[in-house]
Structure formats: structure tokens, C-alpha cells
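Step one of this worksheet: look at the structure below.
The values are calculated or read from the model by the stated rules, or taken from the named source; none is laboratory data. Predicted, not measured: the structure shown is a model, and the values here were computed from it. With ideal geometry, Cβ positions are generated from the backbone for all residues, glycine too; neighbour counts draw on all protein chains shown.
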Amino acid sequence: MGKLIFWFVIGLVILTVARIAARAGARGAQQQAREQARQQQAGRGPGANGGANGGANGGANGGTHGGASRPGRPAAVQQAEQMVRCAHCGIHLPRSEAVLSAGETYCGQEHARLGVARQR
Ligand SMILES: [Zn+2]
């Protein structure tokens, strides 16, 4: 009974960590999630030794979660949206809002027309 709750809580923690990592979309969050996953795996050892049934079920679930988080990673990075720099005024803006012209990105049509600013 107590073991079931234990694995249920671990599943919740993994889901929460994955959600936070996806929302942040930052490389730091991914590293944190990985470290936390490692810590959880370390904590899983004694639990698996304690109960044969609980250990087998928990191990299978943990493996599924680990594999599922992988394909979600690139999507999260794309969702965070790449920031590009206006070649004219140097302002940073999301790629979807940038204007592409002659291989450079600009913050608007006007700056695209003005072109790359000359550095003095
Ligand atoms: Zn600009």
C-alpha cells in the first residue's frame, strides 16, 4: 500500500519536472531536470531492493518516462523561439517577427531596406 503511493509520488515528480523543463525551454532547466532524474534513479536503488513487485513496476515506468522526454526536447527548444538580431539597429526579436533580406535578419521592412549598418 505504502509502496504504491511512493511510486505514484515519484511519477508526479517526474511529470512536474518535465513540465517545468518544457515551459522554461532553457538549456539550464534541461540540465537541472537531468540532474534531478539522476538523483531519483539513485534513490530508486534502495526502493527496488526493498520490494520485488514494487521495484519491477517502478523500473518499467521510469524507463518509459525517460524515453518519452527525449522526443519532446527539440519541440520545446523550437517553442522557446530563436531570437535573431536586427542587422541594422541590433535589436533582438523573435525569429517569426523578423524580416529576412539578403541573408540578414531585420526588425522591420524599413531596416531591411536600409540594410546592414556600417560599424564605425
Ligand atoms: Zn532594426
> Do you know which residues across segment 100-120 are in a loop (DSSP other than H, G, I, E, B), within 11 Å of the ligand (Cβ to nearest atom) and farther than 11 Å from Ala87 by Cβ?
Replying inline: Gly108
> List pairs: first in segment 81-95 and over 18 Å from Ala24 (Cα atoms) and free of Cβ contacts under 8 Å to residues at least 12 places away in the same chain, second more than 8 Å from the ligand (Cβ to nearest atom) and not acidic (Asp, Glu), Cβ under 8 Å, 6+ apart or cross-chain?
Replying inline: His92/Met83; His92/Val84; His92/Arg85
> Looking at (1) modelled with pLDDT of 75 or more; (2) surrounded by 15 or more Cβ atoms within 10 Å (Cβ to Cβ), which is the one condition that is false for Gln30?
Replying inline: (1)
